[in-house]
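**Q** Take a look at this one; I'll ask things after.
The values are calculated or read from the model by the stated rules, or taken from the named source; none is laboratory data. Fair warning: this is a prediction, and the values are worked out from it, not measured in the lab. Cβ placement follows ideal geometry from the backbone for every residue including glycine, while neighbour counts extend to all protein chains displayed. For accessibility, only protein heavy atoms count, side chains too; no ligands or nucleic acids. Shrake-Rupley method; radii C 1.70, N 1.55, O 1.52, S 1.80 Å.
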Amino acid sequence: MSVRETDLPGVGKKFVVDLSGDLELVIVIHLSGKREVFLNDDPEEDNKKLFEASDEVSRKIGSILEGAYFEPVSSEETEAKLGGEVFIEWYDIEENMNVAGREISELKLREETGATIIAIQRDDMCIGSIGPDTEIRSGDILVVVGTKEAQDKFKDALN
Amino acid sequence: MALDSALLEIGLMFTALAGGGVLSRYLKKSVIPFYILLGITLGPYALGRSSFIYVGETEITSVFLEVGAELGVIFLLFFLGLEFSFEKLLSGKKTILKAGFIDLFNLVIGFAVGFLFFGGLLAAALIGGIVYISSSAIITRSLIDLEWIANDEAESILGILVFEDLFIAIYLALITAFLLEGTGNLSNVVYSIVIAVAFILFLLASVHWGSGFFERILDISSNEMLLIRATGVTILVSGLALSFGVSAAVAAFFIGMAFGDTENSNRLEEILEPIRDLFAAVFFFYIGSQTDPSLLPAVAVLISGATLATGISKLFTGYFGGKIYGLNKRRRIRVGLSLTTRGEFSLVIATIAASATGAMANSTITETIPAFTVGYVLVMSILGTLLMQYSSKIETKI
């Protein structure tokens, strides 16, 4: 998947998202915050405007698409790529894992795997400031940043 | 004090402008020509010739209009600077530069037309600038209204406009030096150009090294304070520039550029947009009100000639500019059609000509050229939007 970003001086920014085949989604974000979404199915033809939405509505649509309210895919299979080869992954902690119920400092996960826990999602809470004495509990979802290799090691270290 | 009649006149002006806005929306045209026409109608040369009240009758109203119009120019150029960035100009395989250079052909055509008609170099240079610069305001609005904004041609059009913006900032600096210089002596003109260039270099240096300072000025959560601070700096520096004989508009452009590099630039744009729109409306009204319609027949030939020559030349330079961007034939035609629209910046040049005080100022510079510009912009702003609206028919014919 590729996303191209271009400046529209005086208007805002344009993002072109490659969908399947010749299909492209063109999103124009105005400086006012308004979004316009176009679909392009033929490069020779004009982009067809699908809809426009205010800043607020767009954010809502965005989080629905992101899966904030309903996520049919298990979090184990989701990964987000940052720049270069760095990924963010989500790990579900189950009761039988050896990390459950232990503190971060005794696990030495970063030293051994190279991956870093950046947040823990626990029930409705999101724990953002992870310290050495933070305890990992069963039912947590760990948000971890690291290279592919570090993520693989991290996954092994959990069990 | 005739404050009561001043308020009546200003109220009449804004109410009429609001009515013009309604009409322009109904007719799906740019609002700028309506503002200008209202200025002509309600100003001293039309309504003023009747016994009825007119806008600018009271001394304080005409001073208000003049200052308001100058603020309109300052904010228009400030916004150009805010949205301008050298990175945009120099990025993307230098396509903007190449297309921009082709676009400069219009300046040559305008210069030739002006020289043929007036026979003077300064008048020719003014006509050159007036017909060269396309209207960012009208074109950008139309791109959004016609839903072209997501298309490839929009990038090329906006790119060429960015080049024009920088060019016009330099052009205004130089032409102001000529127009405001008192003696007409060549060495004095060179001296005032040196001052203008030095002032611009000083502003550029402050943009470059003063980013921390600009960042700090704007780093405030209160919108009210942000508005007041930005307005204060912009008008103060513009006034300082003008007192040195340097174009206030150009100073505003560079201040805009400095603010554009800060983190708060988008917020600033949002807050200042209504202020710009308000004073820009006053500016268009003012320039209309300064136009004596009885001067228009005398420049009708020049207006028709310039419309024909520079309409066609913009079509061609736009077409070949679009080719540099790798657009297909249809989209190239659209670039050409869009860029034929002229507007606010042609009028900015005309106001500077009208206010010329230097030794080279004569009635050609201060009256005929501004009247020509008003007529030319009325034609080209309407023609340009029409060409864009009917582009699909034109594309299939060519």
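**Q** With a bin width of 10 angstrom, please list the P(r) values of the protein assembly as shown as percents of all Cα-Cα pairs, from the 0 bin to the one holding the largest distance.
**A** 3, 15, 23, 22, 15, 9, 7, 4, 1, 0
**Q** In addition: What value, in deg cm²/dmol to 500, does the helix sum -39500 (n - 2.57) over DSSP H runs of n ≥ 4 give at 222 nm once divided by the residues of chain A?
**A** On the way: 4 runs with 32 residues, N = 159.
Per the formula, -5500 deg cm²/dmol.
**Q** Let me ask something else about it. Per residue of chain B, what 222 nm ellipticity follows from adding -39500 (n - 2.57) for every DSSP H run with n ≥ 4, rounded to the nearest 500?
**A** Calculated at 222 nm, the ellipticity per residue is -26000 deg cm²/dmol.
**Q** With r as the distance between the Cβ atoms of residue B:300 and residue B:53 and R0 = 35 Å, compute the FRET efficiency 1/(1 + (r/R0)^6) and round to 0.05.
**A** 0.70
**Q** Here's something else I'd like to know. What is the distance, in nm, between label points placed 7 Å from the Cα along the Cα-to-Cβ direction at residue B:25 and at residue B:277?
**A** 1.0 nm
**Q** Further question: Note down the Stokes-Einstein diffusion coefficient of the stretch B:201-283 in µm²/s, whole number, using a Kirkwood radius over alpha carbon pairs, 20 °C, and 1.002 mPa s.
**A** 163 µm²/s
**Q** Let me ask another. In a GNM of chain A with a 10 Å cut-off on Cα contacts, which of A:45, A:56, A:135 has the highest mean-square fluctuation?
**A** Highest fluctuation of the listed residues: A:45.
**Q** Could you calculate the FRET efficiency of residue A:5 with residue B:4 from 1/(1 + (r/R0)^6), where r is the beta carbon distance between them and R0 is 56 Å, rounded to 0.05? If you can, show how the numbers build up before the last one.
**A** Working: r = 55 Å, r/R0 = 0.98.
That pair, residue A:5 with residue B:4, gives E of 0.50.
**Q** Further, regarding this structure: Quick check: convex hull over the Cα atoms of the stretch B:10-131, volume per residue in Å³, rounded to an integer?
**A** With only Cα atoms used, the stretch B:10-131 gives 181 Å³ per residue.
**Q** When chain B is treated as a GNM, springs tying every alpha-carbon pair under 10 Å, which of B:11, B:288, B:336 comes out with the largest mean-square fluctuation?
**A** B:11
**Q** On to the next question. How high is the relative contact order of chain B? Use alpha-carbon pairs under 8 Å, at least six apart in sequence, and give a whole percent.
**A** 29 percent
**Q** Pop out the carbon and sulfur fraction of the accessible area of the protein assembly as shown as a percent, whole number, probe 1.4 Å. Let's see the in-between values first.
**A** Working: 16340 of 26470 Å².
Roughly 62 percent of what the probe reaches on the protein assembly as shown is carbon or sulfur.
**Q** For a quick size check, give me the Cα extents of the stretch A:75-158 along its three principal axes, largest first, whole Å.
**A** On the principal axes, the stretch A:75-158 reaches 33, 27, 24 Å in Cα extent.
**Q** Could you give P(r) for chain A, binned at 5 Å from zero, as whole percent values over all Cα-Cα pairs?
**A** 2, 8, 13, 16, 14, 11, 11, 9, 8, 5, 2, 1, 0
**Q** Moving on. Let me make sure I get this right: for chain B, a, b and c are the square roots of the gyration tensor eigenvalues over alpha carbons, sorted descending. Under 1.5 in a/c it's rounded, otherwise prolate if a/b > b/c, else oblate. Which is it?
**A** Rounded.
**Q** In addition: For every other residue with a beta carbon closer than 11 angstrom to the beta carbon of residue B:171, add +1 if it is Lys or Arg and -1 if Asp or Glu, then tell me the sum.
**A** So the surrounding residues net to -2.
**Q** Counting only C-alpha contacts under 8 Å and six or more residues apart, can you give the relative contact order of chain A as a whole percent?
**A** For chain A, the relative contact order is 15 percent.
**Q** Only counting protein heavy atoms at a 1.4 Å probe, give the residues of the stretch B:151-194, ordered by number, whose accessible area falls by 50 Å² or more when the other protein chains are present relative to the chain alone.
**A** Correct list: B:155, B:158.
**Q** What residues of the stretch B:279-328 lose no less than 10 Å² of accessible area with every protein chain in place versus their chain by itself (probe 1.4 Å, heavy atoms only)?
**A** B:328
**Q** Follow-up. Let's test the formula: R0 of 51 Å, r as the Cβ-Cβ distance of residue A:138 and residue A:34. What FRET efficiency results, to the nearest 0.05?
**A** 0.70
**Q** Quick one: net charge of residue B:273's neighbours, Cβ under 14 Å, K/R +1, D/E -1?
**A** Value of the local net charge: 0.
**Q** Using θ = phi - 60° and the Karplus curve 6.51 cos²θ - 1.76 cosθ + 1.60, what whole-Hz ³J(HN,Hα) does each residue of the stretch B:296-301 get, with Gly and Pro shown as x?
**A** Once rounded to whole Hz, the list reads 5, x, 5, 9, 4, 4.
**Q** What residue among B:281, B:198, B:125 shows peak mean-square fluctuation when chain B is described by a Gaussian network model with Cα springs under 10 Å?
**A** Residue with maximal mean-square fluctuation among B:281, B:198, B:125: B:198.
**Q** Report the local net charge at residue B:382: Lys and Arg +1, Asp and Glu -1, summed over other residues whose C-beta lies under 14 Å from its C-beta.
**A** Residues near residue B:382 contribute +4 overall.
**Q** Taking Cα atoms, how many degrees apart are the long axis of helix A:148-158 and the longest axis of chain A, rounded to 10 and kept between 0 and 90?
**A** 40 degrees
**Q** Next question. Counting only other chains, what is the mean number of Cβ atoms within 10 angstrom of the Cβ of each residue in peptide A:32-38?
**A** Mean shielding by partner chains, rounded to a whole number: 2.
**Q** Separate question: Which of rounded, prolate, oblate describes the stretch B:141-237, given a ≥ b ≥ c as roots of the alpha-carbon gyration tensor eigenvalues and a/c under 1.5 marking rounded, otherwise prolate only if a/b is larger than b/c?
**A** It is oblate, given that a/c is not under 1.5 and a/b is not larger than b/c.
**Q** Right, next: For chains A and B, what's the summed buried accessible area, probe 1.4 Å, to the nearest 100 square angstrom?
**A** 1700 Å²
**Q** Separate question: When the solvent-accessible surface of protein heavy atoms is calculated with a 1.4 angstrom probe, in what order do B:209, B:148, A:90 fall, highest first?
**A** Values: B:209 200, B:148 15, A:90 70 Å².
Per-residue accessible area, sorted high to low, gives B:209, A:90, B:148.
**Q** Kindly provide log₁₀ I(q)/I(0) values, in the same order as q = 0.16, 0.20, 0.21 Å⁻¹, from the Debye equation applied to equal alpha-carbon scatterers of the stretch B:234-333.
**A** Values, matching the q order: -1.06, -0.99, -0.99.
**Q** Compute the Cα gyration tensor for the stretch A:3-66, then decide on rounded, prolate or oblate, letting a ≥ b ≥ c be the square roots of its eigenvalues: rounded whenever a/c is under 1.5, prolate when a/b is larger than b/c in the other cases, and oblate in all that remain. The partial results should precede the final answer.
**A** Working: a/c = 1.86, a/b = 1.30, b/c = 1.43.
Judged from the Cα gyration tensor, the stretch A:3-66 comes out oblate (a/c at least 1.5, b/c at or above a/b).
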